[in-house]
Each structure stands twice: as C-alpha cells, then as structure tokens.
Amino acid sequence: MPWPPCLSVSLSLLSLSLVSPALGAPGGALSFLALGDWGGLPEPPFVTPRQVATAAAMGRAAAELGGDFVLALGDNFYYEGVKDEWDPRFQDTFERVFVSPGLRGVPWFVMAGNHDHAGNVTAQLRYSRHSPRWYGRDTGSPRVPKCPRGSPRVRCGHGQVRYGQVRQGQTGVTGTGEHRVSAYLCGRDHNLQYLEEGGVAYVLSGAGNFMEESRPHERSVPPGALRFFYGSPESPGGFAHVRLEPRGATVTFLESTGRVLHRVTLPPRL
C-alpha cells in the first residue's frame, strides 16, 4: 500500500514531498510536527534529557494545536543507526520515549539521516512490521486527512538545503522552483532555523536531541535570508509545528518548555 496522497517520495533527495492533491479537502486543515536529529544515545539510558523533554512537549502540542502525524527528519538513532529490525534501540529510543497521550495513535513518517545510514536503513523500513505507528518509505500508511486544496507545497529531507545549514554550509536542493515548492523542511543542524530565499521558505528543525549555536558558514547566507535562529545550549530542545490550510501555512517553532520561539505564515500556492 502506498503512502498517503499528500506524501510522495523523492528518491533523488531521499526525501518526501507534501503536496496538495486535486481533490483535497476544501476548507480543511492538516497539522503535523516536524522533528529532526532526535535519536538518543547508543549507550544507557539510550536517551538524552533534551529528547525526553521534547517528546513530552510534542505530546502537548499535538493535543493543543493538532497533530495528524509526525514527520521525523532523520538521525533517528545516534550514532550508527540500528543493526536490524529487532534492535532494542527501537524500544529504548523511540517507543518508550514518545508516550505522551497526545501522541497516542499518531503515525510517524520517518526519513533516514546520515547517522542512520551508518547502520541498517532497511531495518528501519522493516520496523513498520513491528510498530503500528512507524512508517518508512514504501511500507504502507495509515489513513490521514488529505492536504487542503491550494495549500503550500512542502518538500522535506534530512539535510540538503540551499544555504540553510548555517553551521554545515551545505547547498543544493533541486526542484524547489520547478515544482512550485513553497517550503523545504529538514534537520541536520542541531538547532532551529528559518530562512527565506528565492521565494522558498527553509524550515530547519534539528533540536530534538542536541542544541548547538555554532554557525561558522553564516556569511554564505544571502543578506536578510536568515530570519530566525535558535541554538542555545541551555535550551531543553524544540521542534516545529506546521499547519496547512487553503489560505496558507503556519509554521511555529516551539521550545520544549512550550514557549513559542517564532511563528511565520506562508501564502497559499498559486
């Protein structure tokens, strides 16, 4: 069974695209949580305090703001992924951590990051056989609402973002202009960022496990493109909440304390 109509796979980017189908639900809305770089630790207790705090905050946000699914943006298991589909890390770093009532029954659509590729990525895909909420590429999907007709088109990946990795300095997302993409979501950097350049919004949510404020490549970012950056080492972590509607999209960056760090509204796709 394929993924939901609003989620398609871009093999060239190892990413997903959230698109608005022609028969989207008029007047409806679709909300999801975007979380990257959340993958705990490879030794006991297999989690970090920041990951635990972020998991609890995500549950509260899903209950209060809405959450049809979680988009996991990669680096799901530090530092070398998992060994097989029975690896205890699935329980120690995922199932026993994201247990808030607001996350019960909420599906996770999972992408692999560079640390996941250091292990067995196929095992992460196959784990959907063992968990009712874990969905890798081509592993079937639950029933989720369709994207509202006319809402912004969003492409997602782990770390390929034009200019956006202020710390990493990576470049090279393709297809944003050709496919009328409104926004690109990713992780990779261990902080929260929002950039706008060339008519595309870049949303970086990589604060699920570590927080870093270093940004040595900031000079490569066009002047005025970086609109928001948060990487305080004292922070308990954070994530992004995205709400898609016919009138546009709202992206809210939340700290694990519940504090709203930044909010931006994207116009509808023309």
- Message: closer than 18 Å to PRO49 by Cα and modelled with pLDDT of 95 or more: is that true of PHE228 in this structure?
- Response: no
- Condition test on TRP86, is it farther than 23 Å from PHE32 by Cβ, hydrophobic (A, V, I, L, M, F, W, C) and modelled with pLDDT of 95 or more? yes
- In segment 180-214, what residues are modelled with pLDDT under 95, among the aliphatic types (A, V, I, L, M) and part of a loop (DSSP other than H, G, I, E, B)? VAL181
- Query: In this structure, is ASP68 acidic (Asp, Glu) and within 26 Å of ARG243 (Cα to Cα)?
  - Reply: yes
- Message: HIS262 - would you say it is in contact (Cβ under 8 Å) with a residue 60 or more places away in the chain, within 25 Å of VAL181 (Cα to Cα) and in contact with a helix residue (DSSP H, G or I) (Cβ under 6 Å, 6 or more places away or on another chain)?
- Response: no
- Meets criteria (in contact (Cβ under 8 Å) with a residue 60 or more places away in the chain, in contact with a Phe, Trp or Tyr (Cβ under 9 Å, 6 or more places away or on another chain) and among the charged types (D, E, K, R)) for ARG243: yes
- Within segment 89-116, count every residue that is out of contact with any strand residue (DSSP E or B) (no Cβ under 7 Å at 6 or more places or on another chain) and within 16 Å of TRP38 (Cβ to Cβ). 18
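Here's the yes/no breakdown for (1) in contact with an Asp or Glu (Cβ under 6 Å, 6 or more places away or on another chain); (2) at pLDDT 95 or above; (3) part of a helix (DSSP H, G or I):
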site	(1), (2), (3)
THR93	no, yes, yes
GLY119	yes, yes, no
LEU125	no, no, yes
THR139	no, no, no
GLY150	no, no, no
GLY172	no, no, no
GLY177	no, no, no
- Message: Against the condition within 20 Å of the chain's Cα centre (by Cα), in a helix (DSSP H, G or I) and either modelled with pLDDT of 95 or more or buried (at least 18 other Cβ atoms within 10 Å of the Cβ) (or both), how does ARG50 come out, does it pass?
- Response: yes
- Task: Please verify whether segment 72-90 includes one or more residues that are β-branched (Val, Ile, Thr), touching a residue at least 12 places away in the same chain (Cβ under 8 Å) and under 19 Å from GLY206 (Cβ atoms).
- Result: no
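The values are calculated or read from the model by the stated rules, or taken from the named source; none is laboratory data. Note that the structure is predicted; figures quoted are calculated from it, not measured. Cβ coordinates were reconstructed from backbone atoms using ideal geometry, including for glycine residues, and neighbour counts include every protein chain displayed.
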